[in-house]
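Asker: First, the structure itself, so that you have it in front of you.
The values are calculated or read from the model by the stated rules, or taken from the named source; none is laboratory data. As the structure is a prediction and not an experimental result, all values here were calculated from the model. Every residue, glycine as well, gets a Cβ built from its backbone with ideal geometry; the counts of neighbours run over all protein chains shown. Heavy atoms of the whole protein, side chains included, go into the accessibility calculation; ligands, DNA and RNA do not. Shrake-Rupley method; radii C 1.70, N 1.55, O 1.52, S 1.80 Å.
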Amino acid sequence: MRLVASGKLVTGFDCVAKPALGADACNMARPMMFALGCIQARRCHTDHCPTGITTQDPNSNKAVDVETHAPRVANFHARTLESVQEIIGVLGCTNPEELTPAPILMRGSHAQ
């Protein structure tokens, strides 16, 4: 059995914390959708997405400008991976398999 962490994963820290706490993989859908241009109109299931991202209608999905949006998605992904590598390094690990819950559970508030 594999455990996939999903839901409200946005930052590199989220992608480090979940495997450290036992997840086998992480799924980051929402921030990727934002990078693509999603405005959270919550009409994905109706086939009437105002941004054209989640529609099968050929006229509506023309609104997705791949030339403009692809670099934003790629940049978000690359920066997230850089953040993950940086956090793993700060924790003294050389790869994600060495992560343990201890440093994650010791994390203080954002003010500390």
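Asker: For helix 66-90, report the angle its Cα long axis makes with the longest principal axis of the Cα atoms of the chain; keep it between 0 and 90° and round to the nearest 10°.
Answerer: So the helix axis and the longest Cα principal axis differ by about 10 degrees.
Asker: Next question. Taking H as built 1.01 Å from N, whose amide H comes closer than 5 Å to the amide H of Ala5, not counting residues under 5 places away?
Answerer: Asp24, Ala25, Cys26, Asn27
Asker: Let me ask something else about it. Return the FRET efficiency for the residue pair Ser83, Asp57: r is the Cβ-Cβ distance, R0 is 25 Å, and the value is rounded to the nearest 0.05. Provide the component values of the computation, followed by the final result.
Answerer: Working: r = 36 Å, r/R0 = 1.44.
That gives a FRET efficiency of 0.10.
Asker: Give me the percent of the accessible area of the chain that comes from carbon and sulfur atoms, probe 1.4 Å, all protein chains in place.
Answerer: 56 percent
Asker: I've got another one for you. Karplus couplings for region 2-16 from phi (6.51 cos²θ - 1.76 cosθ + 1.60, θ = phi - 60°), rounded to Hz, Gly and Pro as x?
Answerer: Going residue by residue, I get 10, 10, 10, 7, 8, x, 6, 8, 10, 9, x, 4, 4, 6, 8 Hz, with x marking Gly and Pro.
Asker: Can you tell me the order of 35-42, 15-22 when each peptide is scored by its average per-residue count of other Cβ atoms within 10 angstrom, highest first?
Answerer: On the way: 35-42: 13.9, 15-22: 19.2.
So the order, starting with the most tightly packed, is 15-22, 35-42.
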